[in-house]
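All remarks here apply to the structure that follows.
The numbers here are math on the coordinates, done by the rules we state, and not lab data. Quick caveat: nothing in here was measured; it's all calculated off a predicted structure. Here Cβ is always computed from backbone atoms with ideal geometry, including for glycine, and neighbour counts include all displayed protein chains.
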Amino acid sequence: MKKIAVLSSGGDAPGMNAAIRAVCRTALYYGTACYGVYRGYQGLIDGEIKKLETTDVSNIIQRGGTILKTARSEEFMHAAGRKKAAENLKKHGIDGLVIIGGDGSFRGAQKLQQEHNIAVVGIPGTIDNDIAGTDFTIGFDTALQTAVDAIDKIRDTAEAHDRIFIVEVMGRDAGYLALHSGISCGAEHVFIPEQEEDLEKLVRDITDDQRRKKLSNIIIVAEGDEFGGAKKLDDFLQKRISTIQTRVSILGHIQRGGSPTPNDRILASRMGYDAVLCLLAGENDKMIGIQKGEIRRISFSQTDNAKHAIANDLKEIARILTK
Ligand code: F6P
């Protein structure tokens, strides 16, 4: 393989730049040219492709966001869009593509492979940590650190005012950030999409707390929780318990930005390196994952329609320790 390309797709995640750097430098080290595709699949369709040299990825390992920019492309979901994308790759003589993104981006990559015989390898990059086949995705560790820093600060003001704070963390359909930040911050309650909520128990617990003069609480809600997020939970609580003072804090996109943690930089470097080795070995249609600390190549089909299940011990630990 003489030429490969790399792109980032979907929501950005801290550590994507470290992965781009690893892909580019590993490719160049093995005598393969590396191209950057700007703005994800949309850029691939629009021909936004540029050859990368080693200096193009200098001084980016510590930066959040993605130097290649990212997008969610509606056009790539259609065969005509993918055809244009494949033609652009072929025009440059590129026969391998590394996609850094979430599982939606991988589904697109699979189609590109099946329809146009482009070798594709995926690197899981999303703060949600919701991709089956890998214990961790790039960006999760940094987003968790950001959420924990914020919630620790919220705890100070919650206690000072004897208030109940409902903190919403990101995670479209995934409770990883919520559960991990809840355990890390000693939150009193954590609501995640993977678990049914017992709202009556929440009301009982808060009422008990009030009785024994424990007046401040942190309730963490995953954005994708079935109840509909922090604001709805707040409305519910205000209606049910008139004596409490509540505040809502939605952490939002702050969790997507910032300098990646060393763990994310290392994970991204390992995955980027192996993605190139995978393509050069003639293996494709794979995602590079990490399982029990080891880098693994997992076929895309194993990540299809599968959910990255939350470990039962974490749910149990949250249940026991948050009380
Ligand atoms: O998938 C990452 C993520 O940050 C989710 O947690 C969140 O629901 C979504 O992206 C937000 O997407 P956007 O930035 O396009 O609004």
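Check whether at least one residue in segment 280-291 is among the charged types (D, E, K, R), touching a Phe, Trp or Tyr at 6+ places or on another chain (Cβ under 6 Å) and away from the ligand (no atom under 16 Å from the Cβ), and report yes or no.
Yes, there is a match, as at least one residue in segment 280-291 is among the charged types (D, E, K, R), touching a Phe, Trp or Tyr at 6+ places or on another chain (Cβ under 6 Å) and away from the ligand (no atom under 16 Å from the Cβ).
Under the condition of being loosely packed, with under 13 Cβ neighbours inside 10 Å and over 34 Å from the mean Cα position of the chain (by Cα), which residue from segment 215-253 is nearest to the ligand (Cβ to nearest atom)?
Looking at the filtered set, the residue picked out is Lys239.
Of the numbered conditions (1) in contact with an Asp or Glu (Cβ under 8 Å, 6 or more places away or on another chain); (2) within 16 Å of the ligand (Cβ to nearest atom); (3) among the β-branched types (Val, Ile, Thr), Val120 satisfies every one except a single condition; which is it?
(2)
Which is small (Gly, Ala, Ser) and surrounded by fewer than 24 Cβ atoms within 10 Å (Cβ to Cβ), of Gly171, Gly182, Gly104, Gly125?
Gly104
Do we have Gln255 as without any contact (Cβ under 8 Å) to a residue 60 or more places away in the chain, of a type outside the set (Phe, Trp, Tyr) and in a helix (DSSP H, G or I) here?
No, not satisfied.
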